[in-house]
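Only the coordinates and a few stated rules stand behind these numbers; no lab work does. Worth saying up front: this structure is predicted, and the values here are computed from it rather than measured. Positions of Cβ are generated from backbone atoms using ideal geometry, with glycine treated the same way; all protein chains shown enter the neighbour counts.
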Amino acid sequence: MSMPRFFVGFGGALVLGGLLAASFLWVADQYRGSLALSTLIAPAIDVLKNKKTPEELLTEALEKSKNIRGLYMTADVAIDPGAGATRLRNHLVGLATSTEINGFVIDVKEVCGPDYNEERLREFVRDLKEKEIWTIARIVVFKDASQIKVHPEWYLKRNTPIAVGNECWNKRHLVVKSDVNQPAPISTEWSPITSNQTFWRDKRGGWWFDPAHPGAREYILEFSKKMIDLGFDELQFDYIRFPSDGDVQNAIYPAWNGKTQKYDVMKSFFEFLNKGLKAHKPDIILSADLFGYAAIRAGDVGIGQRLDDIGDNFDYISFMVYPSHYYSGFYMDEDIERNLPVVNLNRFQAREYPGVIIERSLLFARDFLDGKLATSSMTFLPTAATSTVTSTIDVVAEPAPRSKARLRPWLEDFFHEDDAASGRPSGIKKVRLQIEAAERAEGHGWMLWNAANVYTEQALQKE
């Protein structure tokens, strides 16, 4: 005689035969007088009791991520089995087990396209997690050369060619040659390619997606899901913007109409990304890299990055507050509440005060995101020490938070020789000034950037 198969709903979870099977066995055992019901169903009850909601899982992930002190790692260093890469990789992992470093930001998709070996990357991520090292996948978003042959309709064009280099010459193997496993174009209306058009490229020769193109957006989303499935704790999005350099006035966009504000285009993408990725894994942590200037200017800096639009689409914002990158200088109004003075530095002076740049940038951004500031409009003139700066900042009497996003900045661990030659803080001193400023201002961690993966070890506190 066959027994029927039962499904029982319990507390929102579906239990297949578990509790009924336990009950059946208990009844049978009553005739033998040997087994208590609680002994049989306890494991099933424990599973149900310990099932966590998406909100609980996210809360746990936010707790684990709240003070990550990370180092940037290129794809080659992370996965190359060669002796040189292995030595550098082991050295960096050693820093994470002997100093305050507790996380890595690992390239998985750079400006030339996806760059990883799935098997080796999965194994490396697993090894890091066993050492309780936080793993962050760095994903370059709209600057990507890999799809130019299979999806040219996603890219910015121009009517006439222009002489530029090829930023991806050494990574040309990343260009996809075939349509196999690639999503089809959304429709022909997104393919306004004519014989007299060529790709628009930036100063370095890089290719750019149209940020408004639905096909490009889906591609980014699906790639990001793959990184979640490889086991990363966090996804960090870079180049999540419109292009900023080159003859942008001659760029032809296949999808963007040129009338919708760039920041509205980016806001819709932030929301699209958040919705798709949180549905895939509710407790995945999401972060975004933004220009340093975006921290101190509430308006758009011309590339679609605006603090107003972050909302709760990202758990962390990582401003690239590199003191060497404030080419228009740095101005900050007096902060009466914290008893901090006016700051007015040209580009060279900004590099003399790395701690000031980091602390004041993060404090301003935090106040804006917390709703304490209503507006901010700053105009920077070139690099003279006496540059005139205008600023309008309205303080809100009853703050209404704009975002719960935490701040975890990128700090510079490069240009030390240049700074030392000019008598500016360099090496250990420069790195520590930045770290201490970041910790005073926000306390949610920081990350060091060096494109060569070589860091000032003496600046890191021993654990």
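Overview of results
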quantity	calculated
Qualifying trypsin sites (Lys or Arg not before Pro) for region 296-353 [loop in DSSP, other Cβ within 10 Å: at most 14]	Arg338
Loop trypsin sites (Lys or Arg not before Pro), region 100-144 (other Cβ atoms within 10 Å of the site Cβ: 13 or fewer; DSSP)	Lys131
Burial order of peptide ranges 318-327, 215-224, 248-257 (average beta-carbon count within 10 Å, highest first)	318-327, 215-224, 248-257
Region 55-459: mean projected area of Cα convex hull, nm²	20.9 nm²
Amide hydrogen neighbours beyond the local backbone of Leu290, cut-off 5 Å, H modeled	Ser318, Phe319, Met320
Per-residue HN-Hα couplings for region 359-365 [Karplus 6.51, -1.76, 1.60; θ = phi - 60°; Hz; x = Gly/Pro]	5, 5, 5, 5, 5, 5, 4
For Leu340, net neighbour charge (Lys/Arg +1, Asp/Glu -1) across residues whose Cβ lies under 10 Å away	-3
